[in-house]
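The structure appears below as structure tokens.
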Amino acid sequence: MSRIDILVGTTSGNTEYLADQVQEQLQQAGLTTEMHYEPDFDALTEQAGPERIWLCLVASHGAGDYGDSMLDFAEQLEHRPPQLSGLKYAVIAIGESCYDTYCAAGRDLDQRLNDAAAMRLLDRLEIDMMEDDPEQLTPIWVQKFINICV
Ligand SMILES: Cc1cc2nc3c(=O)[nH]c(=O)nc-3n(C[C@H](O)[C@H](O)[C@H](O)COP(=O)(O)O)c2cc1C
């Protein structure tokens, strides 16, 4: 069965908290996961292949920048675009709709992974921290993700 790498882009910890809950749900469904609180671009792209699934949870900061823990990964992704054919992925984008650059980091990541020939398993979930309840919204989306993975 595929292994799910959970990639976390956070600055102030909200996304890390959410990622921990997502990991618990995946594990309860019998899936194997590995958490990457500071995703390592080289290691992850080297291991990427048909047996891997990336589940990316990314908060937007600054003017649509990635959360701090994923800034380095994002820079590498932009400047050294990898070939990720075979890899499957899905993105949860976290942001606040008061920003013009609402969920820009998650949208950017989704686009770049798609450009790298990775296969999107599920449409991106966008969580508006001003309006939505992430603890209600996320498990429903994650269950769809699980149904695709198992
Ligand atoms: C300084 C700052 C800049 C932000 N910039 C954006 C932004 O450009 N786009 C967006 O959608 N949300 C933005 N947000 C909202 C964050 O994405 C939101 O607060 C999120 O919960 C932070 O997640 P984290 O705790 O995992 O870092 C910003 C928040 C802060 C504090």
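The values are calculated or read from the model by the stated rules, or taken from the named source; none is laboratory data. Remember, it's a predicted structure, so these values are computed and weren't measured experimentally. A quick note on method: Cβ atoms are made from the backbone with ideal geometry, for glycine too, and the neighbour counts reach across all protein chains shown.
What are the residues in the stretch 1-28 that are more than 16 Å from the ligand (Cβ to nearest atom) and either surrounded by 14 or more Cβ atoms within 10 Å (Cβ to Cβ) or modelled with pLDDT under 95 (or both), if any?
Result: MET1, SER2, ARG3, ILE4, ASP5, GLN25, LEU26.
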For the stretch 57-85, enumerate the residues that are in a loop (DSSP other than H, G, I, E, B), hydrophobic (A, V, I, L, M, F, W, C) and surrounded by 14 or more Cβ atoms within 10 Å (Cβ to Cβ). LEU84
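Just to verify a result, which residue in the stretch 29-43, among those that are closer than 26 Å to ALA104 by Cβ and in contact (Cβ under 8 Å) with a residue 12 or more places away in the chain, is nearest to the ligand (Cβ to nearest atom)?
TYR37
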Residue in the stretch 86-116 that is surrounded by the fewest Cβ atoms within 10 Å (Cβ to Cβ), counting only those that are outside any loop (DSSP other than H, G, I, E, B) and polar (S, T, N, Q): GLN111
Counting only residues in the stretch 117-136 that are part of a helix (DSSP H, G or I) and in contact (Cβ under 8 Å) with a residue 24 or more places away in the chain, the one surrounded by the most Cβ atoms within 10 Å (Cβ to Cβ) is identified as PRO134
Please state which one of ILE140, ILE148 is without any contact (Cβ under 8 Å) to a residue 24 or more places away in the chain and surrounded by fewer than 14 Cβ atoms within 10 Å (Cβ to Cβ). ILE140
Restricting attention to the stretch 95-114, does a residue exist that is away from the ligand (no atom under 11 Å from the Cβ), within 14 Å of ASP5 (Cβ to Cβ), in contact with a helix residue (DSSP H, G or I) (Cβ under 6 Å, 6 or more places away or on another chain) and of a type outside the set (Asp, Glu)? no
Top-ranked residue in the stretch 36-53 [being of a type in the set (A, V, I, L, M, F, W, C) and under 13 Å from MET70 (Cα atoms); ranked as surrounded by the fewest Cβ atoms within 10 Å (Cβ to Cβ)]: PHE41
